[in-house]
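I am attaching a structure below and will ask some questions about it afterwards.
The values are calculated or read from the model by the stated rules, or taken from the named source; none is laboratory data. What you see is a predicted model; the values in this text were computed from it and never measured. Note that each Cβ is placed from the backbone with ideal geometry, even for glycine, and that neighbours are counted across all protein chains shown.
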Amino acid sequence: MKNNEHVLEDSIFNIGKVVSVDGRVVSIEVNKLKNTSHVLYKGDLLKNISVGGYVKIIKGFTKIIGKVKGEYISEDKKFSKKVYGNAKQKVHRILDVNLLGFFNGKQFERGIKELPLIDNECFLLKKEEFDQVHNFLRNSDDPIVIGRLAFEKGQAISLGVNSLFASHIGIFGNTGSGKSYTLAKMYRELFLKYKDNANFKKNAKFFFVDFNGEYAAADDVIIEKKYKNVYRLSTGREDGDKFPIQQELLYEPTFLALLTEATEKTQTPFLQRVVSNRYIADKLNSEEDFKTLLSDMIYSATSKDDRNLEKGVVVNLLEDLRSCLSGSQMNDLILDYKSKLQFHSAQGKYYYQPAGGGTKIFSDHETFKTSIVCDKVSATTFNVTALDVIDKIELRIILLYYDEIIKGYSNKDYLAPLIKRVKKKVNDLKKVVKISNEPNGGKNITILSLKDVNIHMRKILPMLLCKKLYDDKKEKNNDETYLNIIIDEAHNILSKNSERESEQWKDYRLETFEEIVKEGRKFGVFLTIASQRPSDISDTIISQLHNYFLHRLINNNDIMAVEKTISFLDKVSFDSLAILPTGTCILAGLIAQVPVVIDVSHMDKKYEPNNKTRPLTKYWQ
Ligand SMILES: Nc1ncnc2c1ncn2[C@@H]1O[C@H](COP(=O)(O)OP(=O)(O)OP(=O)(O)O)[C@@H](O)[C@H]1O
Ligand SMILES: [Mg+2]
């Protein structure tokens, strides 16, 4: 009985013999009887061998699996009636097959251990074998299903949570090809499985950077509202959400340098001095101390016989302070100094000209310091104690700037442009962040929408926050915690050829993301990026990704960008890249022993990222 079965299977599944072996490429001559599109086996209609299908080559006890990449016909030139009964028989159907892997017991493994020999018999795959080739689950991993095989019987593809989410993932495809949908689906399936586990909430952290507000447009995108923190930042409006950051982040010189677009040679070192200068920082804790500091600065500016010092420096200092010390009553003081504090060119000294033409009080006069500086400063209200941490940074920058100018340590020409920018940048920053040390309400999923954020903040904020998250995680470096940074429209920050950017910024970005992609795995930090332009993204990043979901890609540069790195993708799948329908993608990478074309399964409307293709005519009726 068993033997009969074998004979039957052999006769049905046998398709031909190996006729040539050339490295990974093998040619198989198909039996004349197997040139039909389907074969019937036990009442089932099985797809017969064709391009894109699999073959099993038996070499002794080894089962080698290959994928058909093409077929052609070869004709015997020396046709002789004696050997061939029929003219049809001089034509041979030859398959070009790429070897993919082999069966190790029941388990399919990718790679080549042995090459077939000429005349080895070739077979179609049985259902179990086909399933085994597409079984991407290893070592009792937890499965999630995000799609089905597009071409072969619609079989669901289970992916292992460990192998997928402990890897860097790239999702590429043209606009509208379904990247965001795939991304949302993948994370939705993951969250559905673990969302209510206390340990999942405690140990795993997901940080979505959403440049277009697609994941924040509706409450339940990806997962119900109650499971996630959504921050809709805005630099245009005052009432946008504010992302909590820790105070220390502000005091990082790199943070300040990026925020204020400081130049590398002079402005960045200046910001470093701002951060390390305790003397000024300590004077901001009480109004009395602040007044002492200010009096000293004003006196020092006016009593110096430095002709290089700008004449209006005192008034400029006060005006700059007024703009960052809201609620202070400084107008009288400013007016007073503006009209009465003069510089005597001949004597090279400051003097105070009291109203009504009284005697001039020169700065070297013994009463000058008390009556003209200290008393006047004392009589003024400076609202320093009400300042929050972000304002204080601005104040420290301004104070140190004037301090250095007055003392002649720094050149005004180099630093003045920075001071001009600081105000605007700090103001923008205040609209999008708040200082807070509170944990995020126990929710481990964060969505950061940058839709309404200006272009500068859009670039630096995600970068700074990701870097901070990564550094924190690296420092902790324990086994149980996990961080996943997910960036849709990643070309916004990872593009390699933007000319608007300074070198310093590029370095910083490279350090951050290239490090995450190279080293992150060791610390349990993983990156998922989606982009329309893989060719724009740094090669280092693309080549370090472990798994790829490739949607339709039309531009040749983009195709080449992924081609270089996905060497094991066979030609058939590769050629289909340009014609994949929306929602269909090629899954390739470490997780897939063989690259497969999958249809990403549907999810309920309310969980979809909101980025509908607009039906124009609907609005044009
Ligand atoms: N698997 C799918 N099933 C059903 N609809 C899908 C699927 N994938 C994508 N779509 C639909 O196709 C449209 C475009 O998809 P999506 O927004 O994900 O594309 P995208 O590649 O992210 O585009 P862009 O680059 O412009 O962000 C959406 O309306 C989405 O709902
Ligand atoms: Mg998208």
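Among the listed residues ILE171, ILE144, which satisfies the condition of being among the β-branched types (Val, Ile, Thr), within 16 Å of ligand 2 (Cβ to nearest atom) and touching a Lys or Arg at 6+ places or on another chain (Cβ under 7 Å)? Spell out the reasoning first.
Working: ILE144 fails: within 16 Å of ligand 2 (Cβ to nearest atom).
The match here is ILE171.
Conditions (1) in the same structural domain as PHE211 (by TED's automatic domain parsing); (2) hydroxyl-bearing (Ser, Thr, Tyr), marked per residue:
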| residue | (1), (2) |
| --- | --- |
| LEU387 | no, no |
| ILE393 | no, no |
| SER410 | no, yes |
| HIS456 | yes, no |
| CYS466 | yes, no |
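Okay, residues lined up against (1) at pLDDT below 90; (2) within 16 Å of ligand 2 (Cβ to nearest atom); (3) surrounded by fewer than 19 Cβ atoms within 10 Å (Cβ to Cβ); (4) not aromatic (Phe, Trp, Tyr):
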position	(1), (2), (3), (4)
LYS185	no, yes, no, yes
PHE191	no, no, no, no
ASP196	no, no, yes, yes
VAL221	no, yes, no, yes
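Take the residues of segment 563-590 that are assigned to a loop (DSSP other than H, G, I, E, B) and at pLDDT 90 or above: which is farthest from ligand 1 (Cβ to nearest atom)?
This residue is LEU580.
Listed here are the residues, each with its yes/no results for (1) outside any helix (DSSP H, G or I); (2) hydrophobic (A, V, I, L, M, F, W, C).
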{"site": "LYS265", "(1), (2)": "yes, no"}
{"site": "VAL275", "(1), (2)": "no, yes"}
{"site": "ASN285", "(1), (2)": "yes, no"}
{"site": "LYS291", "(1), (2)": "no, no"}
{"site": "LEU294", "(1), (2)": "no, yes"}
{"site": "LEU317", "(1), (2)": "no, yes"}
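Can you work out which of the residues in segment 1-22 that are among the small types (Gly, Ala, Ser) and in contact with a strand residue (DSSP E or B) (Cβ under 9 Å, 6 or more places away or on another chain) is surrounded by the most Cβ atoms within 10 Å (Cβ to Cβ)?
GLY16
Within the set of pairs 6+ apart or on separate chains, which have a first residue in segment 1-30 that is touching a residue at least 60 places away in the same chain (Cβ under 8 Å), a second that is of a type in the set (Phe, Trp, Tyr) and surrounded by fewer than 12 Cβ atoms within 10 Å (Cβ to Cβ), and C-beta atoms under 7 Å apart?
Listed by first residue and then by second, the contacts come to nothing, as the list is empty.
Looking at segment 111-118, is at least one residue crowded, with 19+ Cβ neighbours inside 10 Å and within 16 Å of ligand 1 (Cβ to nearest atom)?
no
How many residues, within segment 119-141, are modelled with pLDDT of 90 or more, among the charged types (D, E, K, R) and either within 16 Å of ligand 2 (Cβ to nearest atom) or not in a strand (DSSP E or B) (or both)?
Total meeting the criteria: 1.
Can you confirm whether segment 522-535 contains a residue that is in contact (Cβ under 8 Å) with a residue 60 or more places away in the chain and surrounded by fewer than 19 Cβ atoms within 10 Å (Cβ to Cβ)?
Checked segment 522-535: no residue is in contact (Cβ under 8 Å) with a residue 60 or more places away in the chain and surrounded by fewer than 19 Cβ atoms within 10 Å (Cβ to Cβ).
Suppose the filter is farther than 20 Å from LEU590 by Cβ and of a type in the set (A, V, I, L, M); does LEU159 pass it?
Considered against the rule, which asks whether it is farther than 20 Å from LEU590 by Cβ and of a type in the set (A, V, I, L, M), LEU159 comes out as no.
Out of all the residues in segment 158-180, which are surrounded by 23 or more Cβ atoms within 10 Å (Cβ to Cβ) and under 30 Å from LEU45 (Cα atoms)?
Passing the criteria: only LEU159.
Of all residues in segment 177-194, count the ones that are near ligand 1 (Cβ under 8 Å from one of its atoms), in contact with a Ser or Thr (Cβ under 9 Å, 6 or more places away or on another chain) and part of a helix (DSSP H, G or I).
The number of residues fulfilling the criteria is 4.
Restricting attention to segment 244-258, does a residue exist that is within 16 Å of ligand 1 (Cβ to nearest atom), surrounded by fewer than 20 Cβ atoms within 10 Å (Cβ to Cβ) and assigned to a loop (DSSP other than H, G, I, E, B)? I'd like the intermediate steps shown before the answer.
Initially, segment 244-258 is screened for residues within 16 Å of ligand 1 (Cβ to nearest atom), giving none.
For segment 244-258, residues within 16 Å of ligand 1 (Cβ to nearest atom), surrounded by fewer than 20 Cβ atoms within 10 Å (Cβ to Cβ) and assigned to a loop (DSSP other than H, G, I, E, B): absent.
Take GLU238 and decide whether it is at pLDDT below 85, out of contact with any strand residue (DSSP E or B) (no Cβ under 9 Å at 6 or more places or on another chain) and within 24 Å of LYS434 (Cβ to Cβ).
For GLU238, the condition - at pLDDT below 85, out of contact with any strand residue (DSSP E or B) (no Cβ under 9 Å at 6 or more places or on another chain) and within 24 Å of LYS434 (Cβ to Cβ) - is met.
From the list TYR401, TYR409, which one is surrounded by 21 or more Cβ atoms within 10 Å (Cβ to Cβ), aromatic (Phe, Trp, Tyr) and either farther than 30 Å from LYS451 by Cα or within 34 Å of the chain's Cα centre (by Cα) (or both)? Don't jump to the end; show me each part of the working.
On the way: TYR409 fails: surrounded by 21 or more Cβ atoms within 10 Å (Cβ to Cβ).
Just one listed residue meets the conditions, TYR401.
I'd like to know if segment 220-230 contains one or more residues that are within 16 Å of ligand 1 (Cβ to nearest atom), within 25 Å of MET463 (Cα to Cα) and among the hydroxyl-bearing types (Ser, Thr, Tyr).
no
Can you pull out every residue in segment 1-52 that is among the charged types (D, E, K, R), touching a His at 6+ places or on another chain (Cβ under 9 Å) and within 19 Å of ILE64 (Cα to Cα)?
Correct list: GLU29 only.
Here's another thing I want to ask about it. Restricting attention to segment 434-443, does a residue exist that is away from ligand 1 (no atom under 16 Å from the Cβ), of a type in the set (Asp, Glu) and modelled with pLDDT of 85 or more?
Scanning segment 434-443, I find no residue that is away from ligand 1 (no atom under 16 Å from the Cβ), of a type in the set (Asp, Glu) and modelled with pLDDT of 85 or more, so the answer is no.
I'd like to check something: does segment 147-167 contain any residue that is hydroxyl-bearing (Ser, Thr, Tyr) and within 16 Å of ligand 2 (Cβ to nearest atom)? Spell out how you get there, then give the answer.
First, pick out the residues of segment 147-167 that are hydroxyl-bearing (Ser, Thr, Tyr): 158, 163, 167.
Adding the requirement that they be within 16 Å of ligand 2 (Cβ to nearest atom) leaves none.
No: segment 147-167 contains no residue that is hydroxyl-bearing (Ser, Thr, Tyr) and within 16 Å of ligand 2 (Cβ to nearest atom).
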